[in-house]
Amino acid sequence: MDVFGSFALLLAFVCAVYAFVGGIAAIITRHPLLVKSTRQAGMATCGLIFLGTFCLEYLFFTDNFSIAYVVSHSNRDLSTFYKVAALWSGMEGSLLFWSFLLAVYVLSVLITYRNKNGELMPYVGVVMAGVQIFFLTLNNFVESPFKALAVSGATDYFTRADGNGLNPLLQYPEMVIHPPNLYSGYTGFTIPFAFALGALLARYPGEKWIHLTRKWAMIAWMFQSLGILLGAHWAYAVLGWGGYWGWDPVENASLLPWLTGTAFLHSVMMQEKRGMMKVWNVWLVFCTFLLCILGTFITRSGVVNSVHAFAQSNTSSWFVGFIVITLLVCFGAYLKNRDYLKSENQLDSVISRESSFLFNNLLFLVACIAVLSGTLFPVFSEWFTGDRISVGAPFFNKVNIPIGLLILFLTGVGPLLAWRKTSTESLTRNFGRPLLIGLVAGGVAFAFGFRAFYSLMSLILCVFVAATILLEFYRGAKVIRARAGASLPACAIDLTMRNTRRYGGYIIHMGMVFVFIGLAGAAFNRDVQKAMQVGQTMEIGPYTLMLQEVETKPERNYTAQRMLVEVLRDNKPMMMLFPEKRNFITNKENGTMVAIYSTLKEDLYVVFAGIDPETQMPVIHAFLNPLVKWIWFGGVVVVFGTLVALLPNRRSVLVLAGAPQPVQPLPQAVTSSVALREGHD
C-alpha cells in the first residue's frame, strides 16, 4: 500500500504539471479541447491525492510499522480515534493533509464552474494547479510520508514490532477536529486568491470575480475562525497554564490571515456597492493567501520556538522560494493591469458607511502588521545582532487591545451609517439610545467595583454594539409584524432569511460581542498553588478545595496519576474534580488533563501540577478565570452567523401569507426605512 500511495502522489504531480502547462497553452490558444483536458487533469490530480491520503491512513489502521512516519506517530495501543489524527501529527503527514484539503476545494470549484465563466476559469485553474504543484513537490521529493524504515548502512527494509506513539499533547478529542478546521481555513483562501489573480490577469469585467469569490472566502474564514477557537480551547484544557491565548508564534500565524480575511469580507461591499477599493481588495486577497503560506512555513520551518510547531526541517527554503515567486507574480500582474482596478467613485463624507469600512480595514491592517512584526522580531534580531530577542505578551496586549476596542466600536457604528453621507438627525436618532444603554451599563459596573480601564471600556462597547444589533432586528421585525401579524421572534427569523448576508453579519457581530465579554474577564484572573496532603484544603475565591485522594489508574496507552478534589462553597459540598498527570508508556512522555468547573460567571480551573521535590507532596494549581465561557459561546454564534450569511435569500413567507388580509397602511417613514434596510448588504 505504501508503494501504491507513493505512486498515486507522483502521478498527481504529473497531472498537476499538465494542468498548469496545458492551462497556459489553453489560455493562449483558446482551444476548447485543451481547456477541457486541463480541467480533467485538475480533477484527476485531486482524485489521486485522495487516493494517496487514503493509503497513508490505511497504513496507520493496519499498524504497518515498516513505514517511518507510522512508527513515529502511532503504536498498537493507540485508539482508532487518534489514528485518524496521526495523519497530520507530523511534518510529512500534515503537508499531505494540506494537499488533501486543497484538493477538496479545487475539485469543488472545478465541478461548480465546469460550464460557467469560460473566460475566467482557465486562469483560475492555472493558479490552483500552480499551488498544488508546490505542495505535491514537497509530498513527493522533500517530505514523503511513505519512506520505509531501513537498516543503517544497508538497503533492506525491516518492520518494527511497535511504534513510538502519538504525541501526548495531541491525544485530546479536539485535536482530531482543530487541525482539519484550521487547515481548511488556510487552504480555503487559495480559492479567492486564484479568482483574484485570475481575474486580474484576464481583466475580467466588472465585479463578477467578487461575487464568485465571496462565498468561498466566507467558508475559508469560518473554518479559520473555528480552527482558532478550537486551538484556544485545546490550549486552555490541555496545556494546564490557565490561559487560552499566549501570543505564541504559531497562534499568531493563524491569526494573521484571519485579520486580513476579515478586512476583505468587509471592504468587498465597498466594491460591490460603490465600485471603490478595487486595488485594496485585490491586495487583501493576495496578502491573505501569502500569510496562509507564511503561517504554514512558520509552523514547519523551526525558525520560531513554539509548543505548536514541528521540528526543524529542510522545507524552509522551499517555502521562502514559493512565497517570493508568488509575490513577484502578484506584483507583475498588478503592474501590468493596474488601470483595470481604477475606482469608479470617491469617498463623499467622513461620516458614512464607506468611511467606517475604510477605518475598519486600516485598523485590521495595523493589527496584522503589529502581530507580524512582533512574531518575526526574534528572527530578525538574531539575523542582525546574533541574539534572539523575544517579544512577549505585554507588547501584543499593549498594541492590540486598543485596536480591538476601536474595531468593536466600529462594529456598532457601521450598521447605523448610511452610504455616501449620514445626516446629523440620523446619527442622533440611531446612536442616542444604544449609547445611553452602554453608558448606563458601564456606570452600573463601575458602581459594583469594575475598575480595570480596558475591561470597563470593553463592557460599555459590548453593550453599545449589542444594543445597535438588537434594535436593527427589532425595527425590521416590527414592520413585518405589522404586515403579517406573526410573533416578533418569527418575524425576526423571516427578516433574517430575506437578507441573510446582512443579518447573518449582525449575528457574527453579536458573536464577537460575546467573545469580547469573555476577553474582558482576563483582567480579574486569580490563581493559587499549594503542595497538599490528603485531607488538606486551599481557598480560591468563594471555593474551598479539599484533596481527598491521589490514585494511580492504568489505561491502555498510558498510566494516570489522578487527584480526587472535592469542591466546597460556603462549607457545602458542590462536586468532585479529577485533574490528572499522564505518563505515556511508548514514548515516556507526560501529559496533563485539566479539571474545569465552568459557568457563565467564571471557570474554576484545577491542575495537578506534579510532586513537590522537597516534601514529596502533590501540588495543586488552581485558577479562577471569570467569563471564559462567553468566548466559546461567542465562537459558536460566529460560526452560526456565518452559516446563515451563506444561505440564499428567500421571499418573505410571513408577509406573503398575510397579504390577502386587510392591514392598516404603514407610515411612509417606516416603509421607506424597511426598503432601505432590505437594499443594504
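The values are calculated or read from the model by the stated rules, or taken from the named source; none is laboratory data. What you see is a predicted model, and the numbers here were worked out from it, not measured in a lab. Here Cβ is always computed from backbone atoms with ideal geometry, including for glycine, and neighbour counts include all displayed protein chains.
Observations
- The helices (runs of 4 or more DSSP H) found entirely in the stretch 350-461 that carry 1 or more residues being surrounded by fewer than 15 Cβ atoms within 10 Å (Cβ to Cβ) and more than 24 Å from the chain's Cα centre (by Cα) are 353-385, 424-447.
- Here the stretch 81-126 is the region considered, the condition is being of a type outside the set (A, V, I, L, M, F, W, C) and in contact with a Phe, Trp or Tyr (Cβ under 7 Å, 6 or more places away or on another chain), and the residue that is nearest to Lys36 (Cα to Cα) is Glu119.
- Residue check for Ile293: at pLDDT 90 or above and either outside the structural domain of Pro249 (by TED's automatic domain parsing) or over 21 Å from the mean Cα position of the chain (by Cα) (or both): no
- Of the candidates Phe65, Phe4, the single residue that is on the phi < 0 side of the Ramachandran plot, among the hydrophobic types (A, V, I, L, M, F, W, C) and part of a loop (DSSP other than H, G, I, E, B) is Phe65.
- Of all residues in the stretch 125-145, those that are over 19 Å from Leu294 (Cβ atoms) have Cβ atoms under 8 Å from Cβ atoms of residues that are of a type in the set (Lys, Arg), 6 or more apart or on another chain, in Gly125/Arg39.
- Scanning the stretch 511-544 for residues that are over 30 Å from Ile585 (Cα atoms), more than 36 Å from the chain's Cα centre (by Cα) and not β-branched (Val, Ile, Thr) yields Gly535, Gln536, Met538, Glu539.
- Scanning the stretch 318-336 for residues that are free of Cβ contacts under 8 Å to residues at least 60 places away in the same chain and within 25 Å of the chain's Cα centre (by Cα) yields Phe319, Val320, Ile323, Val324, Thr326, Leu327.
- Flag for Leu643 being of a type outside the set (D, E, K, R), part of a helix (DSSP H, G or I), outside the structural domain of Ile493 (by TED's automatic domain parsing) and at pLDDT 60 or above: yes
- Leading residue by the ranking (modelled with the lowest pLDDT) among those in the stretch 506-538 that are assigned to a helix (DSSP H, G or I) and in contact with an Asp or Glu (Cβ under 8 Å, 6 or more places away or on another chain): Gly521
- When Leu547 is tested against (1) under 34 Å from the mean Cα position of the chain (by Cα); (2) touching a residue at least 60 places away in the same chain (Cβ under 8 Å), only condition (1) is not met.
- Scanning the stretch 561-613 for residues that are surrounded by fewer than 18 Cβ atoms within 10 Å (Cβ to Cβ) and more than 25 Å from Lys629 (Cβ to Cβ) turns up Asn571, Asn583, Ile585, Thr586, Asn587, Lys588, Glu589, Asn590, Gly610, Ile611, Asp612, Pro613.
- Matching residues in the stretch 593-619 - criterion: being over 18 Å from Gly243 (Cβ atoms) and at pLDDT 95 or above: none
- Residue in the stretch 638-649 that is hydrophobic (A, V, I, L, M, F, W, C) and within 22 Å of Asn525 (Cα to Cα) present: no
- Within the stretch 202-243, being touching a strand residue (DSSP E or B) at 6+ places or on another chain (Cβ under 9 Å) and on the phi > 0 side of the Ramachandran plot holds for Gly240, Gly242.
- None of Pro579, Pro613 is without any contact (Cβ under 8 Å) to a residue 60 or more places away in the chain, farther than 30 Å from Met512 by Cα and touching a Lys or Arg at 6+ places or on another chain (Cβ under 8 Å) except Pro579.
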